[in-house]
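Novice: This is the structure I have questions about; it appears just below.
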Amino acid sequence: MLKGLRSRVLFFLGVFYSILFAGESIEQGDSFDRAIDQLYEQLDLTGKLDPSVFTLSMVGYYNMKGSGLLQVDSILTIIDYEKPSSEPRFFVVNLQEKTLLFITYVAHGKGSGIQFAESFSNKPGSLKSSQGFFVTADSYIGRHGYSLKLQGMEAGINDNAMQRAIVIHGANYVSEAFAREYGRLGRSWGCPALPEDLNRQVIDTIKGGSCLFVYYPDENYLQGSAFLDRETAGNFYFGINPLMLNKPNLPLRMFRENRFLPEASLHRLLPP
């Protein structure tokens with residue numbers, strides 16, 4: 001009975017809020033875009049990272065933050081695998097201080113391509129990189145030295161990252177000198193490997209629950225990822241509680257449909 005009453009209350013609140021904010025949705029959408037554009041300029045990313053990639057990363061970041069998935073919400077890491085490995089394509093920004101902390105080289109998996117990463121997989125043994133949104137986990141000392149575990153957040157896209165041991169680690173085949181000599185970087189078994197001289201600094205900056213986005217212009221992924229729902233991200237940015245709208249919170253709904261992590265991992269995120 002109480003559950004039915006709660007559902008009716010949420011429905012009527014949703015109708016009320018949808019009417020209340022209907023006239024503001026277009027204006028808020030424009031403001032959301034302007035805020036991201038302004039942040040892009042403040043971070044001095046012009047000429048370094050495509051603004052459309054940054055926008056996608058911010059949409060996903062706000063959806064992850066709004067869904068309670070980030071323990072560290074000041075740091076955002078972006079890997080742009082549309083770029084060749086001979087160019088810097090690994091970016092770390094501090095969103096609170098509005099500073100670009102790192103821009104450096106990063107390897108892709110042997111199975112994904114040679115100079116460019118062109119194929120991605122979630123399958124163990126594929127030796128391919130995975131795209132999509134991750135949350136950084138704990139650092140540890142492994143066979144590649146100081147390394148960082150990554151939790152893939154999208155079912156069927158990257159949620160086997162832990163099982164595949166997809167981690168950030170340093171490698172001697174990732175450097176400007178290597179790229180200059182060979183025209184590309186060496187390749188990993190699927191890990192986003194970094195230059196050895198920056199590896200520890202980067203890991204210590206981003207570890208412990210921050211957002212990492214691996215970008216590639218795969219239209220199927222870009223159209224299908226629930227993290228890239230612009231409306232839900234904008235609602236959170238403007239402080240509108242999506243549970244009060246007539247449209248349910250998209251990330252929470254996708255969790256229930258098993259588009260993200262398993263249900264058992266999400267008990268603290270879902271309303272009773």
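Novice: Tell me, yes or no, whether region 61-82 has at least one residue that is aliphatic (A, V, I, L, M), over 14 Å from the mean Cα position of the chain (by Cα) and over 19 Å from Ala226 (Cβ atoms).
Specialist: no
Novice: Could you figure out which of (1) in a strand (DSSP E or B); (2) surrounded by fewer than 18 Cβ atoms within 10 Å (Cβ to Cβ) isn't true of Val214?
Specialist: (2)
Novice: Of these, Gly132, Gly186, Gly152, which one is in contact (Cβ under 8 Å) with a residue 60 or more places away in the chain and either among the basic types (Lys, Arg) or within 15 Å of Tyr215 (Cα to Cα) (or both)?
Specialist: After ruling out the rest, the residue left standing is Gly132.
Novice: Within region 109-138, which residues are surrounded by 22 or more Cβ atoms within 10 Å (Cβ to Cβ) and within 19 Å of Ser57 (Cα to Cα)?
Specialist: Of everything in region 109-138, those that are surrounded by 22 or more Cβ atoms within 10 Å (Cβ to Cβ) and within 19 Å of Ser57 (Cα to Cα) turn out to be Ala117, Phe120, Ser129, Ser130, Gln131, Gly132, Phe133, Phe134, Thr136.
Novice: Can you name the condition, by its number, that Ile141 falls short on among (1) among the aliphatic types (A, V, I, L, M); (2) free of Cβ contacts under 8 Å to residues at least 40 places away in the same chain; (3) assigned to a strand (DSSP E or B); (4) crowded, with 16+ Cβ neighbours inside 10 Å?
Specialist: Looking at each condition in turn, Ile141 falls short on (4).
Novice: Now for a separate question. List the number of the failed condition for Asp30; all other conditions in (1) modelled with pLDDT under 95; (2) in contact with a Leu (Cβ under 9 Å, 6 or more places away or on another chain) hold.
Specialist: (2)
Novice: For region 30-133, give me every one of the strands (runs of 3 or more DSSP E) that falls completely inside it and has 3 or more residues that are under 20 Å from Tyr173 (Cα atoms).
Specialist: The qualifying strands (runs of 3 or more DSSP E) are 99-104.
The values are calculated or read from the model by the stated rules, or taken from the named source; none is laboratory data. Keep in mind the model is a prediction, meaning the values are calculated, not measured. Neighbour counts are summed over all protein chains in view; Cβ atoms, including those assigned to glycine, are modelled from backbone coordinates with ideal geometry.
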